[in-house]
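Where a number appears in this text, it was derived from the coordinates with a stated rule and is not lab data. None of these values were measured; they are calculated from a predicted model. Note that we place each Cβ from the backbone using ideal geometry, even for glycine, and neighbour counts take in every protein chain shown.
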Amino acid sequence: MSCVMRISFDDLDPSHLFELIGEEPYVVRKKGEPAFKSLPNKGDTSKGGANFYVSYAEFEEFDQQKADAIQFLTEHQTGIREVMGLSGVTGELDFGIVRRDVAIQCDRIPVELLVLAGSVGLEIVLSQYPPGDGDDNAQDAPEDAANSPT
């Protein structure tokens, strides 16, 4: 799981998100709960939140993540737009990508994805993770990233 959609809200019944978006969140955080499971004293607890899988592609498969995100947003844009229009709601698409060993890392986001995300009110985040064998980093890092505040 390397691309997630995070929705943060003041006062919203998370089951309402499922009704509108048509997808079940894999993480739901109530207002007052820590944003990071492994760091209970970090992050904003003033909002609740819900995280949705957008792409299961690996960190190294950014092109596939982008294609999956376009498909997800196209399929769910009406519901996401409605949720994002509610008072006190913010959201983002977070792409977990591998940090490459290069002097300058440039990662492009296609116009179609920018337009789709912008049209429903989502910000785009690129979270870079160190390269590795995938076992440890892939299990630990996304959980905290997926629970980060928006």
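Side notes on the structure shown:
- Packing-based exposure ordering (other Cβ within 10 Å, fewest first) of Ile109, Ile7, Ile21: Ile109, Ile21, Ile7
- By the count of other C-beta atoms within 10 Å, a proxy for reagent exposure, Met84, Met5 are ordered fewest to most as Met84, Met5.
- Here is the list for region 1-32: chymotrypsin sites (Phe, Trp or Tyr not before Pro) lying in DSSP coil, each with at most 14 other C-beta atoms within 10 angstrom of its C-beta, are Tyr26.
- Additional length obtainable on full extension of the chain from Ala103 to Asp13, 0.36 nm per residue less Cα span: 27.9 nm
- A straight chain from Thr45 to Thr74 at 0.36 nm per residue would run longer than the Cα-Cα distance by 7.4 nm.
- Per-residue Cβ neighbour rank within 10 angstrom, fewest leading, Ser8, Ser15: Ser15, Ser8
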